[in-house]
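Report on one structure; see the data block that follows.
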Amino acid sequence: MTNRSGAVSIACSFSLLALIFAFHSSAHPQSADLVLCDRIAADPSDPDKPADVKGTPIIARSDIAIAIKFCKIASAASRRVLYELGRAYAANRQLPEAMSAYRKAADKGSTSAMVELGVLLGTGSGTPKDQVEAV
């Protein structure tokens, strides 16, 4: 019985390695963190969003902590992910963190992040109201 379970364990290990290799050698490699971030925090109207990512208008309350975790890990990847991280922070009412992520994404050229940052600054949500900077 021990030999059989050992063989099954080895077979599972090889299968897992094959899956990892196939995942990393695909034509469009993406980290699992990026895929999860996109799946639960992407904005459907974000022009930076890939066509194959559906997005969600509102991040589900139950997904916020997961979105923050995986978007934070993947945030070095692109302005899109920084914007998604900002959305996750904003959904969790962590407005200073959301503003920081939006500002970094906006500095990299994310128009969606520019809009959200402008709204926060224009309304004074999480920051002193600043109409000039909002514009």
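Bear in mind these aren't lab numbers, they're just calculated from the coordinates by the rules spelled out. A quick note: this is a predicted structure, and the numbers were derived from the prediction, not measured. Glycine also receives a Cβ, built like all others from the backbone with ideal geometry; neighbour counts cover every protein chain displayed.
Determine, for 52, 43, 33, the number of other Cβ atoms within 10 Å of each Cβ, and report the residues in order from fewest to most.
On the way: 52 7, 43 22, 33 17.
Ranked by crowding around the Cβ, least crowded first: 52, 33, 43.
Where Rh denotes the Kirkwood radius from the mean inverse Cα pair distance, what is Rg over Rh for region 31-134? It would help to have the intermediate numbers written out before the result.
Working: Rg = 12.6 Å, Rh = 13.2 Å.
That ratio equals 0.95.
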